[in-house]
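Some notes on the structure that comes next.
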Amino acid sequence: MEKEYYQELYSKCGDILSECFEEEYVSIMRKNHHYLLDINKWLEAIDGRYEKILLESACQEYQYSLLSLLQGQYRHSFMSLRLFFELTLSSIYFSSNEYEFRLWTRNEKDINWKQLVDKQKGVLSKSFIRVFFEDIADESVHFQTIAEKVYRECSEYVHGNAKTYELISNELKFSDEIFRVWHEKSTNIYFVVLFALCSRYLGVLDKVHVDKLESMITDELSHLSAIQAFFSSDLASETE
Amino acid sequence: MNDFFYRTEVIRTDEILNYFVETKEDRVIIDTLKSHNPVILIGSRGIGKSFLLRVAQRELELKFDESRILPIYITFHKSSLIHTNDPLQFQHWMLSRICSFIIRTLRKSGLLSIIPFSLSILAGSSDSKDYIKETPIEKISKEFENSWQAPDNQIDISSIPTIDKFKEAIEDLCQELNIKRIILFIDEAAHILIPEQQRQFFTLFRDLHNPFLTCNAAVYPGVTSYGETFQPIHDASMLTINRDIWAEDYISNMREIVEKQAESSIIKNIQQYGQNFATLAYAASGNPRLLLKTIDRAPKINSSQVNQVIREYYREDIWSEHSNLSDKYYGHKEIIDWGRRFIEEDILPTIKTKNDEYLQLDKKTSCFFWVHRDAPQAVVEALRLLSYTGIVNQHSSGIKGTRSEIGTRYMVNLGSLFSFEKTPAVSAFEIAKNISIKRMTEFGAQHPKYDSLTKIVPKLVEANVTDILNAQLVKPVAVLDITEWQKNKLIKLGLNTIGDVLRSTETTLRKAYYVGEKRARRMRNAAIAAVYEYLSG
């Protein structure tokens, strides 16, 4: 009996999934899935670094988030999306501190969001970014603001703030509005994540990997003069 | 869905500093507001007067234990609802409201563990039981505010103290409660189109000043009926809020103001379309509310949205507030309508044509015009009303024009100027960056453009407030300056007209699904504040 009950829910999830791939939404879905492929390219780029396992977990969490979204489990999709964000920034945070990373692997240190986005020492702070990619550091303040806001916005769905009840139905069914909200938040998170990864690694990666990442980065961040300069100097050295 | 705060009233005082983006000019104003000298703070709608008053209030509150200076914020935004037969109705109402707010602040601050005798003069009662509930003076204040519903009712004003008694009571109160000084921050102090209220206010303002009490007030640029005793500059420092839009940090300050309130998507879009944002910030001409409203309508900040919002908002919507004035205050209709025609048909096209030429020749651009000091009074009045809505700003007076004639330099709202561009997202930024103060279009003492106004000789009759009010109460909530989301919420709750909102309670608003107490209060505050503001001009 229980089996039938859950099979019924499962089939509803399947119906929702089908709706998500209808013509109206297919380009959004493609974009959402593409973010995952992009982050995978970063995994290749930082292969061999100890913090990679965190970025791997982050990717996995993003995949779960997307799956929950496709099945109409909206609150859970925001929960995983937020965790994806935390894990990505954590991988960058630990990349600069192996001691703390080892404490974390021994369960002697927790990941703390406030610490990740601390205005003085967090991974989006000017002082942190300056050390790895000085030219882009002046932009960090805006990304820091986006990070704080989008994290809080996801938390509203995770904690079930009153406003989110207006959007999320008690029934398992597709919602155009929430589907679009999720996409909006994932786009903003991806934007910050990409900036954070660029800030941390662009200066240290070898050319082969930089080349592979170039189009993904310029698609999103070419409005930043530091990014333009980085890739044009790259081009100049190639011509030489 | 982004739910911007268009008005300071919606932000709780203890949260105000979270939204504050300080500039050097702001700091000077705030420090002056906190000083001993009375200040009249002048600025158009949405420029940030209330916000600065609130910041000054909050900073003083946080330092109260040290400084023993007690800040009290009062708003007179209900002045349009006062309608009795009492010739000194505004003075009586304002004084009773000030007394009420002093009592309320003292009550909330916990300073009334022992009730000083002097308080009975302010409260209109020596019965200590009254302090727990509503004092007679608070009742009088409310009766005045409800007088629009029954203008013929007599209000018993015997409990209102005389000015001298009031001042004595303040002095005693300060000494008994170990308060060094009380600073009043009076918002919406003078109604733009009720000169009688303006006169009674400034007279009261001057009379109240004493070593234990400082009055500060925020007014619109068009407020000029000072009464017989008040002398501007001599009786108060007259400070005007003018954000220097060519200052190096102007764009980044405006951006920070938006970022404090906006959702992540908008901040991301601003980050991606920096120049489009700068265009909107210039268009707002230093007015945060105009900027928030245009961002609310163009949240993607891409070129097509920016082009559309500048063309629609600055060509149509910004004028609706101005034209509303002529609907409400019919006596001023000709002046108000002439002002609009003068700007839309003469000033803006002229400056636009000149700018097109200047830019082609790589020369500096303009957004200024100059009016001779001997221009007809009706013209000055029309410009005064235009500065209330911020379509025009008086930039500086005593400026020499051609042939050394003296006049006043005005700046037109940049958004209005940009709205004449085919694609503002492409051309407006260049215009804004190249503006020179030296370029201005001049209008002499007898310019033919004035003729259509001076021939009419408008009748400036002081309007019947009750008639105006009744006409406004039946207007739909669509006229209110709140977000679309808030309007839809009100309509869903069956609050279709201004009158419905004014008579509504928080309980009504809480009926909406999942709207909690805090949110209901915020929604009602936003709606009510918009109603008062709508009625105030």
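The values are calculated or read from the model by the stated rules, or taken from the named source; none is laboratory data. Computed from a predicted model, the values in this text were never measured in an experiment. Note that we place each Cβ from the backbone using ideal geometry, even for glycine, and neighbour counts take in every protein chain shown.
For B:Thr240, the criteria (1) away from chain A (no Cβ under 14 Å); (2) crowded, with 21+ Cβ neighbours inside 10 Å; (3) within 21 Å of B:Asp26 (Cβ to Cβ) hold in every case but one, which is (2).
At least 1 residues being crowded, with 18+ Cβ neighbours inside 10 Å is the threshold, and among the helices (runs of 4 or more DSSP H) wholly inside the range B:44-148 those reaching it are B:49-62, B:89-109, B:119-123, B:136-145.
The single condition among (1) surrounded by 18 or more Cβ atoms within 10 Å (Cβ to Cβ); (2) at pLDDT 95 or above that B:Ala262 does not satisfy is (2). Of the numbered criteria (1) more than 15 Å from B:Phe342 (Cβ to Cβ); (2) modelled with pLDDT under 90; (3) surrounded by fewer than 18 Cβ atoms within 10 Å (Cβ to Cβ), the one B:Val380 fails is (1). Within the range B:198-237, if we keep just the residues that are more than 26 Å from B:Tyr410 (Cβ to Cβ) and at pLDDT below 85, the residue that is farthest from the chain's Cα centre (by Cα) turns out to be B:Glu228. B:Ser366 - would you say it is crowded, with 20+ Cβ neighbours inside 10 Å and out of contact with any helix residue (DSSP H, G or I) (no Cβ under 9 Å at 6 or more places or on another chain)? So B:Ser366 fails the test. Restricting attention to helices (runs of 4 or more DSSP H) lying wholly within the range A:170-240, give those where 3 or more residues are over 19 Å from the mean Cα position of the chain (by Cα), more than 14 Å from chain B (Cβ to nearest Cβ) and within 14 Å of A:Trp42 (Cβ to Cβ). So the answer is A:207-221. Here B:Gly286 passes the criteria (1) surrounded by fewer than 24 Cβ atoms within 10 Å (Cβ to Cβ); (2) under 30 Å from B:His191 (Cβ atoms) except the one numbered (1).
When B:Ile186, B:Ile192 are checked against the criterion of being touching a Phe, Trp or Tyr at 6+ places or on another chain (Cβ under 7 Å), buried (at least 21 other Cβ atoms within 10 Å of the Cβ) and assigned to a strand (DSSP E or B), B:Ile186 stands alone in meeting it.
Of all residues in the range B:455-477, exactly one satisfies the criterion of being modelled with pLDDT of 80 or more and either closer than 23 Å to B:Leu385 by Cβ or of a type in the set (D, E, K, R) (or both), namely B:Lys475.
Restricted to the range A:1-78, the set of helices (runs of 4 or more DSSP H) holding at least 1 residues that are out of contact with any strand residue (DSSP E or B) (no Cβ under 7 Å at 6 or more places or on another chain), without any contact (Cβ under 8 Å) to a residue 24 or more places away in the chain and over 30 Å from A:Leu213 (Cβ atoms) comprises A:2-20, A:23-45.
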